[in-house]
Amino acid sequence: MKIAVLGAGKMGLSFSRSFLKYDLVTPENLLLITRSEERKPEISQMFPGAEVTLFDEIKNITADLMILSVKPQDFAFVAENLPFPIPESTMILSIMAGISIQKIQQMLHHRLVVRAMPNAPTLLGMGITGYTAAEGIVFSQMRNIERLLNSTGRAVYMEDEQQLDAVTALSGSGPAYFYYIIDAMVKAGIQMGIDENLSKLFVKQTMLGAYHLINNSEKSLEQLITDVASKGGTTEAALKTYDGHHLKDILIQGILDAEKRARELNS
């Protein structure tokens, strides 16, 4: 399989790294296309044996799959200034937030489009990606796409494309929500007199342990909270403050606003 990556940024390179790691593509069958002349030598060094080229320089591609990994805000420019024709048989895998299959088909004049929404942990092969496909894509093609996506973590097929905007808000943006909460916890530790590095250690290990408890327990999240928050105790005092300031409602509203923004990107 020959793969071209249009937009060799963090996510595009992360996908490329996973494909190479699991021998889903060989370096000589990997084409990385970047708009940054300054980054070209760095990318070439990171991917020895792969072809690295500038967007303005490439005149044609022969890829079986082209990964569309540009910023959604840049898609219109890229589509209008694409310097090469896309072969009719080439599959397009878009990992842009918000941009619909129909819009990609219209702007690129190409029908074979799969739309996916990964998240940052794909950098470690621990991501989760929701994906869906245009009509007319056959089972064998979908199986190949799923195999590629699974190399970056887990892939979940979504029948309703509109749900990908919710996936974008929930898991695509999700890591930042956890970082935000972790940052607040670390800062609270510092205010209580704990050294910054030690505060980070306590919070990160707490988050890791809590994840494993969720993953290995049959209890609901409400039950797990109750297990920690004994009546009249320290945890209950914190939770009362959060509830008093409607923190859960604020977090939910933020995710809903992220979904709204994902829909706006397609307009």
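The values are calculated or read from the model by the stated rules, or taken from the named source; none is laboratory data. Every value quoted in this text rests on a predicted model; they were computed, and no experiment measured them. No Cβ is skipped: glycine too gets one built from the backbone with ideal geometry, and neighbour counts run over all protein chains shown.
Some observations on this one:
- Residue match in region 166-175 (condition: touching a residue at least 40 places away in the same chain (Cβ under 8 Å), of a type in the set (Ser, Thr, Tyr) and touching a strand residue (DSSP E or B) at 6+ places or on another chain (Cβ under 8 Å)): yes
- Region 136-150 - residue that is aliphatic (A, V, I, L, M) and in a helix (DSSP H, G or I) and, of those, surrounded by the most Cβ atoms within 10 Å (Cβ to Cβ): Leu149
- Selection of helices (runs of 4 or more DSSP H) fully inside region 167-267 by the criterion of at least 1 residues being over 19 Å from Pro118 (Cα atoms) and within 21 Å of the chain's Cα centre (by Cα) returns 174-191, 196-216, 247-264.
- Close Cβ contacts (under 7 Å, 6 or more residues apart or on different chains) running from residues in region 26-37 that are in the same structural domain as Pro83 (by TED's automatic domain parsing) to residues that are buried (at least 18 other Cβ atoms within 10 Å of the Cβ) and aromatic (Phe, Trp, Tyr) comprise Pro27/Phe47; Leu30/Phe47; Leu32/Phe47; Ile33/Phe55; Thr34/Phe55; Arg35/Phe55.
- Scan of region 226-237 for residues that are surrounded by 13 or more Cβ atoms within 10 Å (Cβ to Cβ) and within 18 Å of Met207 (Cβ to Cβ), ordered by number: Val228, Ala229, Thr235
- Considering the conditions (1) buried (at least 16 other Cβ atoms within 10 Å of the Cβ); (2) more than 20 Å from Leu13 (Cβ to Cβ); (3) among the hydroxyl-bearing types (Ser, Thr, Tyr); (4) in contact with a Gly (Cβ under 9 Å, 6 or more places away or on another chain), Thr132 is excluded by exactly one of them, (4).
- Thr168 meets all of the listed conditions (1) in the same structural domain as Leu65 (by TED's automatic domain parsing); (2) under 13 Å from Met96 (Cα atoms) but one, namely (1).
- Unmet criterion (only one of (1) over 30 Å from Val70 (Cβ atoms); (2) basic (Lys, Arg); (3) in contact with a helix residue (DSSP H, G or I) (Cβ under 9 Å, 6 or more places away or on another chain)) for Arg261: (1)
- In the set (1) under 19 Å from the mean Cα position of the chain (by Cα); (2) modelled with pLDDT under 95, Ala155 fails one condition alone, (2).
- Residue within region 130-143 that is at pLDDT 95 or above, farther than 18 Å from Met66 by Cβ and touching a Leu at 6+ places or on another chain (Cβ under 9 Å) present: yes
- Residue check for Glu161: touching a residue at least 24 places away in the same chain (Cβ under 8 Å), acidic (Asp, Glu), touching a helix residue (DSSP H, G or I) at 6+ places or on another chain (Cβ under 7 Å) and not in a helix (DSSP H, G or I): yes
- Of all the residues in region 103-122, those that are surrounded by fewer than 18 Cβ atoms within 10 Å (Cβ to Cβ) and assigned to a loop (DSSP other than H, G, I, E, B) number 2.
- Counting the residues of region 177-234 that are among the hydrophobic types (A, V, I, L, M, F, W, C) and touching a residue at least 24 places away in the same chain (Cβ under 8 Å) gives 3.
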